[in-house]
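The block underneath contains the structure these notes are about, expressed in structure tokens.
The values are calculated or read from the model by the stated rules, or taken from the named source; none is laboratory data. Everything quoted here is computed from the prediction, not taken from an experiment. For neighbour counting, all protein chains shown are included, and Cβ atoms are generated from backbone atoms with ideal geometry for every residue, glycine included. When the accessible area is computed, the model is the full protein with side chains, heavy atoms only, and any ligands, DNA or RNA have been set aside. Shrake-Rupley method; radii C 1.70, N 1.55, O 1.52, S 1.80 Å.
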Amino acid sequence: MAISNYQAARNLNALRGVSFTPPNALYLALYTSSPTAANTGAEVNGGAYARQLITLSAAALDGGKMTVKLMADAPYPVATANWGLVTHVGVLDAATGGNLLHFNEIDPRTIQTNDRFIAEANKILIRYAQ
């Protein structure tokens, strides 16, 4: 996953001794365009859509890269209206509003009325190149 400007600044400022409070919870959001590092993408809205509370694994080396993974499936509500072509996911620090931390492109999927999107465990991950 790519890192947002917000999270990058927090990480870099931590190297200067500036502390920050980690989020109390993490939420997975769906987007119909790239969120970008500046969080300017189009998040899905309406039709019973809601960000999903997620839990990430402890950091561990995976393929030589430090990685955290989605611990359990994150099923979204059944869409009561068309959500459009979902192309990206983002990890945020609030159920609404909040700050984008990381984001990534996914295999595009059109979500129509009565469809259900499920983010599968171990398939959503944050990995740092080393």
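Summary of values
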item: Residue in region 106-113 that is over 21 Å from Gly46 (Cα atoms) and open to solvent by 50 Å² or more (accessible area, probe 1.4 Å) present; result: yes
item: Lone qualifier among Thr80, Thr87, Thr40 - being touching an Asp or Glu at 6+ places or on another chain (Cβ under 8 Å), β-branched (Val, Ile, Thr) and modelled with pLDDT of 95 or more; result: Thr87
item: Unmet criterion (only one of (1) modelled with pLDDT under 95; (2) part of a loop (DSSP other than H, G, I, E, B)) for Thr96; result: (1)
item: Residue under evaluation Ser34, criteria (1) among the hydroxyl-bearing types (Ser, Thr, Tyr); (2) touching an Asp or Glu at 6+ places or on another chain (Cβ under 8 Å); (3) not in a loop (DSSP other than H, G, I, E, B), criterion not met; result: (3)
item: Residue check, Tyr49 more than 14 Å from the chain's Cα centre (by Cα) and crowded, with 18+ Cβ neighbours inside 10 Å; result: yes
item: Residue tally, condition surrounded by 14 or more Cβ atoms within 10 Å (Cβ to Cβ), closer than 23 Å to Asp115 by Cα and among the β-branched types (Val, Ile, Thr), over region 57-101; result: 4
item: Qualifying residue in region 77-89 (condition: among the polar types (S, T, N, Q), part of a strand (DSSP E or B) and in contact (Cβ under 8 Å) with a residue 24 or more places away in the chain); result: yes
